[in-house]
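Every number in this text was worked out from the coordinates using simple rules, so none of it is lab data. This is a predicted model, so every value here is computed, not measured. Here Cβ is always computed from backbone atoms with ideal geometry, including for glycine, and neighbour counts include all displayed protein chains.
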């Protein structure tokens, strides 16, 4: 079959550089990720639009048309970004023809407002454009978030241009970006990284190299004294030493993730070996000592920071939902730059756990922080806000996470496959139609609930071509067959490569067995030393009090019982029924003297473990990811 004309990739990260590139198009056709995106369209986006109107985000823009504007609504000067992140998600829905009823009017209203209220020089910020604002534009780069605002505006504009062919936002964004390039060409940097990623993407969309140059300058300028620190020290801003000299991922978790992702974008376009070395070193440091088993990043509430190596408390895990998005952005760019399967492994772990848990099952309530343990007397709170609802909340005073969920859900299809020269590489398994430059595929699978994947060739070139399949790091005893014939394909660096002259109708069957796994933790990780957690496939599991006949704090898991758990499909998900020990009642003393003999064991019980991303949908009761092991029976 002859090849069709190659069209440019429509991915969220559209780079022609790197080891691999986005494929021209992917359309999800079913499965869990498709269900999530449909929920995003039908529930989360309409809810978010409603909340943005109620909170005053739209009014903050429209009031700038008045000679004497009404007071700015909200505590933070960066609330425009919540509109921009939402617009980015809407561009995907509108471009794909799946938008719900309120989407188009909201999109048109906000885009029109942005065109009308943008300053003559290109500046745009509803907080600082107010004549009564307590600070002037560019007066407080550490906390003003003006460049952070620009970053999200650019990403919304690029999405609208790529997915809808609408260049109105792009004109607004480039005017603001040109102002920034003019003003900050030689000095200055934002306290909250984000604009770096966006400027590189603007370069990719427009071909204007000055945007790439400015992004590289912002990366290079951190840690050189360009930012005046306040409230927190320089390491909070990743600004105490130059980026290439950072000894470890540090400071505010979202800032760190966005900065690293921006640096990876610069690496993709420039091939700078010093950036590559720094990014790989920081990545290995994060994965090896600072990432929760769920893929969450950030262990401190006080400054939303990452913390020390092995400082990973379960009940105080901050693990902000925005940080999960940041880690996925960094991971995907590292994958594009290197072709490394290990980056997709982390991407997938975050996607199905630390990110997915941030949204309720019905799609209209959110977690800001994502603990791995909930104690029986805990009341969930987020950020510095007083009070708080027992579990997820409909909105926040600092609502950065909900619209971040919206935009990421809307673009999930862009992270399924990629292309090195002469190959299609399948990175994430989900029912989909994949259109490569030379090879088109239909993928069917029940992943992540089961590991059977079927790929059917729909179009192929006339010469041999490679189909490359990711083998997740957790997978063992993997098998593959082509047209029913088992193959002894070599697994190398996390990939299976099948090379042949393909024909339409050829079928590849990949089997990734999914036994239940028991995980421990590093001995330096005091918070979970000696405890056990459960996983199956890419999913981490937890136990809620609703599914345990004894207090979850008294459950004791033995590794053989974990790996022999009974698997049940329930309400569309896979749950695990595990035989567990029940510890005897503990001493009333906080620090009892240890007896020489172990206390008498209690009768076994059966507890049910559910995917971590589904916890908190049935009421505010205790929950654990990490459960005591026999070593803790004292």
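Remarks
- Shape box of the chain [Cα atoms, principal axes, largest first, Å]: 77, 68, 49
- At an R0 of 41 angstrom, the distance between the Cβ atoms of residue 136 and residue 361 translates into a FRET efficiency of 0.35.
- Estimated FRET transfer efficiency (residue 394, residue 598; beta-carbon r; R0 45 Å; 0.05): 0.40
- Taking every alpha-carbon pair within the range 460-500, the share separated by more than 12 Å comes to 63 percent.
- Between residue 228 and residue 50, the modelled label-to-label distance comes to 4.4 nm, taking each label 7 Å out from Cα in the direction of the beta carbon.
- From helices alone, the chain scores -10000 deg cm²/dmol at 222 nm; the rule is -39500 (n - 2.57) for each run of n ≥ 4 DSSP H residues, then divide by the residue total.
- Semi-axis lengths (Å, descending) of the ellipsoid that matches the C-alpha gyration tensor of the range 44-151: 25, 14, 13
- Here the label points at residue 241 and residue 559, each 7 Å from Cα along the C-beta direction, are separated by 3.7 nm in the simple model.
- Counting only Cα atoms, the size of the range 414-488 along its three principal axes is 33, 30, 19 Å, in decreasing order.
- Likely footprinting exposure, 396, 613, 367, fewest C-beta neighbours within 10 Å first: 396, 367, 613
- Residue 42 versus residue 116: modelled label distance in nm, points set 7 Å from Cα along the beta carbon direction: 3.5 nm
- Average Cα contact separation per residue, the range 417-511, under 8 Å, 6 or more apart, as relative contact order %: 28 percent
- Per residue, the Cα convex hull of the range 348-480 amounts to 150 Å³.
- For the range 254-380, alpha-carbon Rg and Dmax in angstrom: 15.0, 52
- Only Cα sites of the range 219-307 enter the Debye sum here, all with the same form factor; the resulting log10 I(q)/I(0) across q = 0.11, 0.21 1/Å is -0.29, -1.03, listed in q order.
- Shape metrics for the range 121-199, restricted to C-alpha atoms - Rg then Dmax, Å: 12.8, 38
- Space enclosed by the convex hull of the alpha-carbon atoms of the range 518-632, per residue, Å³: 127 Å³
- For the pair residue 577 and residue 270 in one chain, pulling the backbone fully straight at 0.36 nm per residue adds 105.4 nm over the alpha carbon distance.
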